[in-house]
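The values are calculated or read from the model by the stated rules, or taken from the named source; none is laboratory data. Predicted, not measured: the structure shown is a model, and the values here were computed from it. Cβ atoms come from the backbone with ideal geometry, glycine included; neighbour counts cover every protein chain shown.
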Amino acid sequence: MVIGGGFGGLKVARRLARRDVDITLIDRVNHHLFQPLLYQVGTGILAGGQIAPALRDLFVARENVRVVLAEVEAVDLEARTVTAVAGGELTLPYDILVVAAGARDSYFGHDEWERDAPGMKSLDDAFRIRTRILSAFELAETAASPAERDAWLTFVIVGAGPTGVELAGQIAYLSRHTLAGHYRSIRSEAARIILLDGAPSVLPSFRERLRGKADAELRRLGIEIRVKTTATSVDAHGIDIDGPDGADRIEAHTVLWAAGVEASPLARVLAHASGAEVDRSGRLAIAPDLTLPGHPEVFAIGDMVALEAVPGVAQAALQEGGYVAKVISSRLDGKSAPGPFHYRDKGSMAIVGRSWAVADVRGLQLAGRRAWLIWAVIHIAFLVDWQKRLEIVRRWFWEFVTHDRHERVISYVSLLPDELARAEVESVRRRLASGESGGEASGQ
Ligand SMILES: Cc1cc2nc3c(=O)[nH]c(=O)nc-3n(C[C@H](O)[C@H](O)[C@H](O)COP(=O)(O)OP(=O)(O)OC[C@H]3O[C@@H](n4cnc5c(N)ncnc54)[C@H](O)[C@@H]3O)c2cc1C
């Protein structure tokens with residue numbers, strides 16, 4: 001049984017599907033999400049389906065693989081069963097379990113900020129962020145006062161790691177190019193984009209030279225950078241911050257969160273059941289062969305585990321998935337297990353703006369177009385199917401030539417929180433039905 005069809009879980013399932021085994025792959029979503037391109041969905045370049053093939057499609061030809069859409073809640077290590085909910089409750093048995101449930105956004109003990117500062121981990125998150133960004137320009141256009149207009153045209157991104165930098169760069173591009181000239185009472189180009197981080201520089205995990213280049217490029221795009229600065233409170237109208245110049249408040253209706261991650265709650269579930277440790281980010285401590293201590297039949301991989309010197313990136317999850325498939329295969333063949341897992345660092349990259357990137361690959365530090373080209377080739381190569389690769393290259397080419405972005409669908413109701421949206425739709429319907437809205441209603 002494999003829990004999670006992300007980078008780690010999918011790798012295990014695909015490798016083992018060729019063997020004479022029965023695999024149950026459980027995920028709470030029906031797709032494999034290519035998270036590195038999520039920011040392009042969040043900023044209108046790509047459609048959700050282009051980076052999220054259906055898990056069933058990926059295994060349609062493998063009769064030994066069963067895909068189950070359900071959210072896993074509990075694991076019984078003694079009975080060797082997994083409990084999941086999908087409408088009702090399911091209890092599914094396993095011989096070998098691989099848990100690859102990933103991570104979620106961390107609000108450092110302030111989960112209440114999530115409502116006003118959404119993060120970007122899932123497709124739903126990316127759609128929500130896209131709605132927020134595009135709506136902000138619409139609401140700035142009809143704002144009642146200059147202060148209100150400015151608050152709609154101010155975007156704050158908390159966290160200047162790769163995701164925060166990518167989001168800031170894309171919002172800058174969207175406002176300065178894609179949306180330029182589209183409004184009559186505002187200039188979208190005037191949008192203020194603020195990127196803040198508690199660390200002393202942007203892209204803190206990169207080497208100094210690349211950090212400096214990225215900083216300069218972000219400033220060239222007109223992005224305000226505030227380092228050594230932390231969020232102290234977030235609400236629907238802005239964010240309170242604390243930085244080198246003391247406490248401050250930024251009035252902004254759009255605050256996006258890219259500041260930190262914590263392991264899936266399933267890490268704690270496994271830790272509780274087995275007595276294993278979790279670290280401060282909730283990541284599970286596992287043995288060097290990626291098994292749960294005392295449970296050779298349970299593996300845990302990817303973002304939800306803590307391994308020394310192994311970062312929470314797709315490469316690590318993929319390599320761990322490949323390794324676990326190898327261990328299980330050697331058990332099936334009655335061979336001795338391969339040695340402990342070793343991570344091979346293949347480098348890191350981040351996109352700054354549209355076709356500009358920094359890349360640190362095998363000792364080579366690149367910044368600019370060349371780095372972007374390497375990024376593009378690698379990301380395309382890692383997508384799981386050819387059709388999606390072609391669609392994405394076509395979209396990129398179109399956007400590159402025209403600055404246009406296809407995925408910009410929003411509606412008035414989508415601006416409202418769910419409960420308010422339902423109430424608003426109901427009340428408009430009632431008014432129309434009763435004729436209260438007069439001329440408007442009779443004209444419909
Ligand atoms: C916006 C963004 C950009 C990124 N960019 C890059 C990048 O450029 N390069 C890079 O190397 N890495 C990048 N990463 C990190 C990379 O995506 C992760 O390290 C990688 O996805 C980890 O793989 P995983 O298998 O551990 O988890 P995931 O790929 O997150 O998969 C976890 C799966 O488990 C499922 N799941 C979770 N809980 C449950 C449950 N209770 N029941 C059932 N299913 C469950 C989820 O739905 C998901 O499908 C990025 C991450 C994000 C969020």
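May I ask you to say which residue of Ala84, Ala79 is over 19 Å from the mean Cα position of the chain (by Cα), over 25 Å from Val261 (Cα atoms) and surrounded by fewer than 24 Cβ atoms within 10 Å (Cβ to Cβ)?
Result of the check over Ala84, Ala79: Ala79.
Enumerate the pairs (first residue in the range 25-44 and among the small types (Gly, Ala, Ser); second residue anywhere and near the ligand (Cβ under 6 Å from one of its atoms)) with beta-carbon separation below 8 Å, excluding pairs fewer than 6 apart on the same chain, so at least 6 apart or on different chains.
Listed pairs, sorted by first residue: Gly42/Met120.
When the range 180-238 is examined, which residues are found to be charged (D, E, K, R) and either outside the structural domain of Gly164 (by TED's automatic domain parsing) or on the phi > 0 side of the Ramachandran plot (or both)?
Lys228
Of the residues that make up the range 189-203, is at least one free of Cβ contacts under 8 Å to residues at least 12 places away in the same chain and either among the basic types (Lys, Arg) or not in a loop (DSSP other than H, G, I, E, B) (or both)?
Scanning the range 189-203, I find no residue that is free of Cβ contacts under 8 Å to residues at least 12 places away in the same chain and either among the basic types (Lys, Arg) or not in a loop (DSSP other than H, G, I, E, B) (or both), so the answer is no.
Cβ-Cβ below 7 Å, separation at least six or inter-chain, first residue in the range 369-394 and at pLDDT 85 or above, second of a type in the set (D, E, K, R): which pairs?
Between residues of the range 369-394 that are at pLDDT 85 or above and residues that are of a type in the set (D, E, K, R), the close pairs are Ile380/Arg389.
Every residue, every condition in (1) of a type in the set (Ser, Thr, Tyr); (2) buried (at least 18 other Cβ atoms within 10 Å of the Cβ); (3) more than 23 Å from the chain's Cα centre (by Cα), yes or no:
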residue: Ser188; (1), (2), (3): yes, yes, yes
residue: Ala199; (1), (2), (3): no, no, no
residue: Leu203; (1), (2), (3): no, yes, no
residue: Arg209; (1), (2), (3): no, no, yes
residue: Asp215; (1), (2), (3): no, yes, no
residue: Leu218; (1), (2), (3): no, yes, no
residue: Ile239; (1), (2), (3): no, yes, no
residue: Glu251; (1), (2), (3): no, no, yes
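Somewhere in the range 32-52, is a residue outside the structural domain of Thr178 (by TED's automatic domain parsing), part of a strand (DSSP E or B) and among the aliphatic types (A, V, I, L, M)?
no
Over 21 Å from Arg249 (Cβ atoms) and touching a strand residue (DSSP E or B) at 6+ places or on another chain (Cβ under 8 Å) - does that describe any residue in the range 176-191? Give the steps one after another, and end with the answer.
Initially, the range 176-191 is screened for residues over 21 Å from Arg249 (Cβ atoms), giving 176-189.
Now restrict to residues that are touching a strand residue (DSSP E or B) at 6+ places or on another chain (Cβ under 8 Å): none.
Looking for residues that are over 21 Å from Arg249 (Cβ atoms) and touching a strand residue (DSSP E or B) at 6+ places or on another chain (Cβ under 8 Å), one finds none in the range 176-191, hence no.
Looking at the range 1-15, I want the residues that are closer than 13 Å to Asp57 by Cβ and have a partner that is near the ligand (Cβ under 6 Å from one of its atoms) and in a strand (DSSP E or B) with Cβ atoms under 7 Å, at least 6 apart or on another chain. Which pairs are those?
Here the result reads Gly5/Asp27, each pair linking the range 1-15 to a residue that is near the ligand (Cβ under 6 Å from one of its atoms) and in a strand (DSSP E or B).
Out of everything in the range 311-320 that is within 16 Å of Leu284 (Cβ to Cβ) and buried (at least 19 other Cβ atoms within 10 Å of the Cβ), what residue ends up being nearest to the ligand (Cβ to nearest atom)?
The selected residue is Ala317.
If Glu89 meets every condition in (1) out of contact with any helix residue (DSSP H, G or I) (no Cβ under 9 Å at 6 or more places or on another chain); (2) near the ligand (Cβ under 9 Å from one of its atoms) apart from one, which number is that one?
(2)
Within the set of pairs 6 or more residues apart or between chains, which connect a residue that is in contact (Cβ under 8 Å) with a residue 40 or more places away in the chain inside the range 218-230 to a residue that is in a strand (DSSP E or B) and surrounded by fewer than 17 Cβ atoms within 10 Å (Cβ to Cβ) with Cβ atoms less than 7 Å apart?
Matching pairs, first to second residue: none at all.
Would you point out the residue of the range 115-139, among those that are within 19 Å of Ser264 (Cα to Cα) and in contact with a strand residue (DSSP E or B) (Cβ under 7 Å, 6 or more places away or on another chain), that is surrounded by the fewest Cβ atoms within 10 Å (Cβ to Cβ)?
Lys121
A quick yes/no check of all residues on (1) part of a loop (DSSP other than H, G, I, E, B); (2) more than 16 Å from the ligand (Cβ to nearest atom); (3) more than 25 Å from Val165 (Cβ to Cβ); (4) touching a helix residue (DSSP H, G or I) at 6+ places or on another chain (Cβ under 8 Å):
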{"position": "Glu224", "(1), (2), (3), (4)": "no, yes, no, no"}
{"position": "Val234", "(1), (2), (3), (4)": "no, yes, no, yes"}
{"position": "Ile241", "(1), (2), (3), (4)": "no, yes, no, no"}
{"position": "Leu256", "(1), (2), (3), (4)": "no, no, no, yes"}
{"position": "Glu262", "(1), (2), (3), (4)": "no, no, no, no"}
{"position": "Arg280", "(1), (2), (3), (4)": "yes, yes, no, no"}
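Does Arg344 satisfy being of a type in the set (D, E, K, R), within 15 Å of the ligand (Cβ to nearest atom), out of contact with any strand residue (DSSP E or B) (no Cβ under 7 Å at 6 or more places or on another chain) and over 23 Å from Glu208 (Cβ atoms)? Lay out the reasoning, then the answer.
Numbers: of a type in the set (D, E, K, R): yes; within 15 Å of the ligand (Cβ to nearest atom): yes; out of contact with any strand residue (DSSP E or B) (no Cβ under 7 Å at 6 or more places or on another chain): yes; over 23 Å from Glu208 (Cβ atoms): yes.
So Arg344 fits the description; yes.
If you scan the range 347-376, which residues turn out to be surrounded by fewer than 20 Cβ atoms within 10 Å (Cβ to Cβ) and within 15 Å of the ligand (Cβ to nearest atom)?
Gly347, Ser348, Val361, Ile374, Ala376
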